[in-house]
Amino acid sequence: MSEAMTVRLHSLRRSPALSAGIVILLATLLTLAGLDRRLPPSLWWQALVAPSPTDLRQIIVHFGDLPRLVVVWLCGAALGMAGASTQQVLRNPLAEPMTLGIFSGAYLALSLVSVYAAGWLHGGRDAVALGGAIVALACVFALAARRGLSPLALILAGMIVNLCCGAFSFALAIAHFDLLTGLMIWGGGALAQHDWQIAHALFIRLVPCTAVLLLFLRPMAAFDAGDSIASSLGVSLRTTRGLVLLLTLLITAFVVSAVGVLGFIGLGAPMLARLAGARRLRDRLLWSPILGAALLWLADQIAQQLAGFSGALTPTGAMTTLLGAPLLLLMLKRVRGRPDMTPTASTRSYSLAPANLWIVFVLMGLVLVFSVAVSLSAGRGLEGWHIAHLAEVGALMFLRGPHVVAAISTGILLALAGGLLQRMTGNPMASPDLLGITAGGAVGLIGALFLTVHPGLPLLSLWCACGSLATLAALLLFARASDYSPDTLVLGGIAISTSFQAISTIVMASDDPRVLVLYNLLAGSTYNVSATAAGAVAGVALIGLALVPFARRWLEILPLGAPVSRSLGVNLTTARVSLLVASALMTAASTLVIGPLSFVGLMAPHIARMLGVRRVQPMLFMSAVIGAALMVVSDWLGRWILFPQEMPAGVMATLLGGLYLIVTMMRRPRH
């Protein structure tokens with residue numbers, strides 16, 4: 001074989017065309033096979049252009065299968081384009097339009113209308129969903145505007161909106177499960193069509209937005225050089241970033257309002273395009289829509305095939321994740337080129353002076369002590385609120401004590417785990433659930449509920465532990481080849497966690513009554529914590545706090561990059577594996593006690609930095625105090641605020657932390 005032919009074959013293997021071609025070929029074969037079962041090939045053209053009104057098969061193909069195919073292509077291409085553009089202007093490969101609150105806003109709007117104003121749905125579900133998505137989009141921009149629409153501000157604002165909307169939706173689902181069962185199916189992606197109306201509406205909405213977005217190709221390309229260089233080249237960062245994000249979020253809102261959430265496409269298609277060799281923005285904007293449409297097409301065909309064989313509905317969005325996540329893992333393992341995971345240089349916040357730092361520590365400690373005192377003594381009964389005397393507190397300690405100890409301990413563990421991951425990876429979006437540990441625990445709970453006859457508390461804990469530890473083992477095995485680099489850990493964790501979340505989505509979209517039990521288990525609760533379990537998790541929390549000083553040097557050096565870390569004598573493999581295992585074990589310990597709750601690990605380090613705590617060791621200790629206080633208050637409010645009904649601590653923690661972050665971002669002066 002000539003050298004030119006060898007080079008050509010090598011470039012083909014590194015080209016996105018090969019990956020897209022394989023996916024498109026498989027999707028085409030499945031489509032033709034499905035069409036052949038429904039209609040003879042001799043009638044295909046007639047069904048396409050002029051179906052016979054007397055042939056039901058042709059009518060179903062023309063008004064059902066073909067519109068669905070067009071909707072799949074439009075939605076997949078639109079989400080791929082929107083994801084590539086969002087990652088470019090935010091300079092973060094973990095960002096996507098769904099990250100910025102679009103789906104959570106639409107889902108919350110539909111949940112509220114379904115429960116309290118069901119008559120509004122007669123005019124069309126897509127209008128309600130689009131309204132909720134636009135409101136969420138407005139909230140994200142309003143929160144980020146105070147900080148100049150910087151990438152970190154937009155990501156943080158989207159995280160806040162997602163957390164708050166998700167918590168409200170989760171609370172509604174627990175309280176009104178019977179009214180929202182159908183909405184859970186829509187949440188997994190509802191692509192079934194009965195006419196050409198949705199396809200026509202999507203085409204009219206998406207094509208102009210995409211055309212306008214392409215006009216920003218040159219300004220967006222300047223973001224590769226960094227904000228400072230792009231600004232020196234005459235690019236208006238705030239205007240360009242704001243307009244591009246507005247267009248991408250509108251595109252996503254149109255898709256979500258029409259067909260629900262389609263997981264992984266906005267995040268995975270641009271990443272797959274980059275890993276397959278599309279390095280320049282122009283190439284990514286070409287291949288991301290093609291890969292997005294191809295992946296969604298193949299996933300939808302597989303979902304239809306499974307539905308035909310089993311008779312059970314499989315959400316296409318979940319199937320997309322199950323298909324795309326392993327593909328991402330495979331490409332990350334085989335392709336040498338890695339995406340740039342360098343954190344965005346964000347606007348710096350103020351840093352507390354040492355004297356003020358101690359004052360903040362003392363104040364937060366007092367808040368924690370006061371929260372514990374209120375949790376042990378204050379409650380509600382049939383006659384209203386009641387403050388227990390010291391003797392009453394002692395008498396009730398056997399009941400309330402384990403709850404408080406478990407809340408404090410899990411808050412500390414999740415906050416430390418989140419702080420370690422965010423510092424090690426240099427990414428503000430990193431959290432314990434990013435590694436898939438909590439998602440693995442959730443899959444373990446699903447296995448215990450659906451694969452065992454009498455799943456009691458010990459059995460649930462055992463399955464949850466097995467799921468978490470198996471996920472950790474898989475992540476360590478996968479990242480070994482790359483010397484446990486942060487980009488591989490993060491992307492591998494995303495692929496694993498999204499795959500597990502897709503399994504949860506499929507289960508929740510079913511009509512099985514055990515789904516309601518699963519909802520309560522996944523929300524994060526201290527209801528069933530025993531004194532033994534509380535003592536065990538408290539011991540793990542103390543060990544985690546004691547290990548913080550030993551990890552301080554690693555956490556200060558690792559964000560500087562691999563070359564600098566090596567020059568300063570840091571063994572990268574030892575440091576990364578140690579921090580990863582510590583974070584995973586802390587997350588697994590908290591998951592065994594209260595379930596897969598990870599929001600505290602995402603929020604507590606952010607709140608600590610917003611208070612001005614910037615150095616590694618003080619930030620971790622402050623995050624631990626904040627996480628403990630947040631969990632204690634959340635557990636108390638969950639038990640008493642809606643008495644006699646109870647709300648899981650995980651939902652309350654998300655609401656409290658999200659509301660605090662909203663107030664902080666709105667009050668922060670311009671820098």
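Between Ala391 and Met666, the modelled labels are 4.7 nm apart [label points 7 Å from Cα along Cα→Cβ]. Between Leu48 and Leu18, the simple label model (points 7 Å from Cα in the Cβ direction) yields a spacing of 3.1 nm. In segment 32-110, carbon and sulfur make up what percent of the accessible area (probe 1.4 Å)? For segment 32-110, the apolar C and S fraction of the accessible surface comes to 69 percent. Stretching the chain fully between His454 and Arg552 yields a gain of 30.7 nm (0.36 nm per residue, less the alpha carbon separation). Residue separation of Arg279 and Tyr116 scaled by 0.36 nm, minus their Cα-Cα distance, works out to 53.8 nm of gained length.
Between Arg480 and Leu399, the contour length at 0.36 nm per residue exceeds the Cα-Cα span by 24.7 nm.
Taken along the Cα-to-beta-carbon direction at a fixed 7 Å, the label points for Ala378 and Ala33 span 6.2 nm.
Hey, got the dipole for segment 546-626? About the Cα centre, +1 on K and R Cβ, -1 on D and E Cβ, debye to the nearest 20?
Working: 7 positive and 1 negative charges, 46 e Å.
Magnitude of the dipole: close to 220 debye.
For Gly379, the residues whose amide H sits under 5 Å from its own are His386, Ala388, ignoring neighbours fewer than 5 places away on the same chain, with H placed 1.01 Å from N.
The values are calculated or read from the model by the stated rules, or taken from the named source; none is laboratory data. Remember, predicted model here, so these are calculated numbers, not experimental data. Glycine gets a Cβ as well: all are built from the backbone with ideal geometry, and neighbour counts include every protein chain shown. Accessible surface areas use protein heavy atoms only, side chains included; no ligands, DNA or RNA. Shrake-Rupley method; radii C 1.70, N 1.55, O 1.52, S 1.80 Å.
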